[in-house]
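What follows is calculated from the coordinates using simple rules that are stated; it is not laboratory data. Computed from a predicted structure; not experimentally measured. Every residue, glycine as well, gets a Cβ built from its backbone with ideal geometry; the counts of neighbours run over all protein chains shown.
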């Protein structure tokens, strides 16, 4: 019998992180912990493969939640057309997290939508009866070596980690963290990756307790 789900895990830390709350408008504020899609993206930055799906399961806080005011000159595509044409930036204010450290967890399952896979992925998929197991083994090897597909980011791309890799012995989960209810938390915007159209999905009434935030299990993630 072929096993369908394989666990992966890693630790990531950095000076600054931003897990943007969509409801905070022009001066964005960070969630106290990374979103489902952010955790998924961190794992994919180590090893990406279209023939598997990464299902984040939980995140453990290993440092206090500390907010800090942040200001930068924004020059991205969300500026007004006249500002883009004139090469004008504007100051963007945000409330970010500082001195963060997390342990993140996920399950790896096969992508059953074989018809939508790129041709190279289909050829690779034919060579294994357990793509989840293969991904787990390659991921673990790359993490030990410090290799990555792209540089992991703590939310915004400019917030790069000071450490990413296997669990460190000195890292401890914040088990004394007081329970915190998150009424609504963005889960995903593109639920099926590059095959998706925009679809905003939220998780409601999440509880960050004893330093642990568990992401709700949605059967559709495992069924597809």
Extension reserve of the residue 189-residue 176 stretch, reckoned as 0.36 nm per residue once the Cα distance is removed
1.4 nm
In whole angstrom, the spacing between the Cα centers of segment 33-77 and segment 97-152 equals 16 Å
Could you line up 35, 20 from fewest to most neighbouring Cβ atoms inside 10 Å?
20, 35
Report the gain in length on full extension from residue 167 to residue 4: 0.36 nm times residue separation, minus Cα-Cα distance, nm rounded to one decimal.
56.2 nm
Run lengths n ≥ 4 of DSSP H only: what is the helix-derived mean residue ellipticity at 222 nm for the chain, with -39500 (n - 2.57) per run over all residues, to the nearest 500?
-5500 deg cm²/dmol
Sort 117, 47, 97 so the one with the fewest other Cβ atoms within 10 Å of its own Cβ comes first.
117, 47, 97
One computes Rg over Rh for segment 36-157 from alpha-carbon atoms, with the Kirkwood Rh, and obtains 1.09
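Express the relative contact order of the chain as a whole percentage, based on alpha carbon pairs under 8 Å and six or more residues apart in sequence.
Across the chain, relative contact order equals 31 percent.
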Helix 131-145: angle to the longest alpha-carbon principal axis of the chain, degrees 0 to 90, nearest 10?
50 degrees
Sort largest first and round to whole Å: the equivalent ellipsoid semi-axes of the chain, each the square root of five times a Cα gyration tensor eigenvalue.
30, 23, 18
Evaluate the Debye formula for segment 138-187 with equal point scatterers sitting on the alpha carbons, no solvent, and hand back log10 of I(q)/I(0) at q = 0.22, 0.23, 0.31 Å⁻¹, in q order, two decimals.
-1.02, -1.03, -1.12
Based on the alpha-carbon gyration tensor of segment 45-99 and its eigenvalue square roots a ≥ b ≥ c, which shape applies: rounded if a/c is under 1.5, prolate if not and a/b is larger than b/c, or oblate?
oblate
To the nearest µm²/s, what D does Stokes-Einstein give for segment 87-203 at 25 °C and 0.890 mPa s, using the Kirkwood radius over alpha carbon pairs as Rh?
132 µm²/s
In degrees, nearest ten, helix 36-46 long axis to first principal axis of the chain (Cα):
60 degrees
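Normalise the Cα radius of gyration of segment 1-68 by 2.2 N^0.38 Å (N = residues in it) and let me know the number.
With N residues counted in segment 1-68, Rg over 2.2 N^0.38 Å equals 1.35.
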Roughly how many nanometres apart are two label points built 7 Å out from the Cα toward the Cβ at residue 92 and residue 130?
4.3 nm
